[in-house]
Amino acid sequence: MIISVLRLDHRRRRDARITTHVCLTARAFGASEVILSGERDKKLMENVEDVRERWGGSFKVSYQKNWDNLIEEWQKNGGEVIHLTMYGTPVQEAVPEIQKSEKDKLIVVGGSRVPTPVYNAADWNVSVTTQPHSEVSSLGVFMHMLMDGKEFDLDFKGGKLEVVPCAEGKQIITHEEFED
């Protein structure tokens, strides 16, 4: 199953930091890609690519101006669309049903106000709490539940840097084949 994330309505000046965090969260929790809609942001895309080059994996970020065509094509190709919102089915109820299907998943996270057609097109509108909070936290919680914690064991091959978990201090391995 491929997991992609669609970030709706990215605004360069206002959303650069939060959209970067959506991308980093998606990557760390096992998504294959983030697709940005809204304003094209070449610098953000380059920054995320730089993270992938330094830390490994095959994650990518791309741009598609019109999200509606993307959702329609995703579903035509047999994929399912999950919209993260505070108005949907509670995540703890939705995830077991979503996990039953091996179909590719497109997870939609909003930017500004999410248009009604997104709610209507989604196979699932999933509520990660019924309180206002960040799309980054919604994505992290949802991905963790969808992956059943397997994201902790992901292997990001080909990176220049690798963190070695330790109780105190910082330990980072620099892979020699990537040193200049």
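Across the stretch 46-53, coupling constants 3J(HN,Hα) worked out from phi with the 6.51/-1.76/1.60 Karplus curve, θ = phi - 60°, read 5, 5, 5, 4, 4, 4, 4, 5 Hz, and Gly and Pro carry x.
Could you tally up the Lys pairs in the chain with alpha carbons closer than 16 Å? Skip any pair fewer than 8 positions apart unless they're on separate chains.
Working: LYS42/LYS60; LYS42/LYS65; LYS43/LYS60; LYS60/LYS105; LYS60/LYS157; LYS76/LYS103; LYS76/LYS105.
Lysine pairs meeting the criterion: 7.
The 3J(HN,Hα) values that the Karplus relation (6.51, -1.76, 1.60; θ = phi - 60°) gives for the stretch 18-31 are, in residue order, 5, 5, 4, 5, 4, 4, 5, 5, 4, 4, 5, 9, x, 6 Hz. Gly and Pro appear as x.
Could you grab the relative contact order for the stretch 3-150? Cα pairs under 8 Å, six or more apart, rounded to a whole percent. Could the numbers behind the result be given before it?
Details: 253 pairs, mean separation 44.0, N = 148.
Once divided by the residue count of the stretch 3-150, the mean separation gives 30 percent.
Listed values for the stretch 157-169 are Karplus-derived 3J(HN,Hα) couplings in whole Hz (6.51 cos²θ - 1.76 cosθ + 1.60, θ = phi - 60°), namely 5, x, x, 7, 10, 8, 8, 9, x, 8, 5, 9, x, and x replaces Gly and Pro.
Would you work out the relative contact order for the stretch 1-67, in percent, from Cα pairs under 8 angstrom that are 6 or more residues apart? Please list the in-between numbers first.
Numbers: 100 pairs, mean separation 25.1, N = 67.
Relative contact order comes out at 38 percent.
With Cα extents along the principal axes in Å as the read-out, I listed (1) 41, 41, 39; (2) 80, 38, 29; (3) 50, 34, 33; which label goes with the value calculated from this structure? Answer label, from the structure shown: (3).
Bear in mind that the values in this text are calculations on the coordinates, not laboratory data. Keep in mind that this is a model prediction, so the values were computed, not measured.
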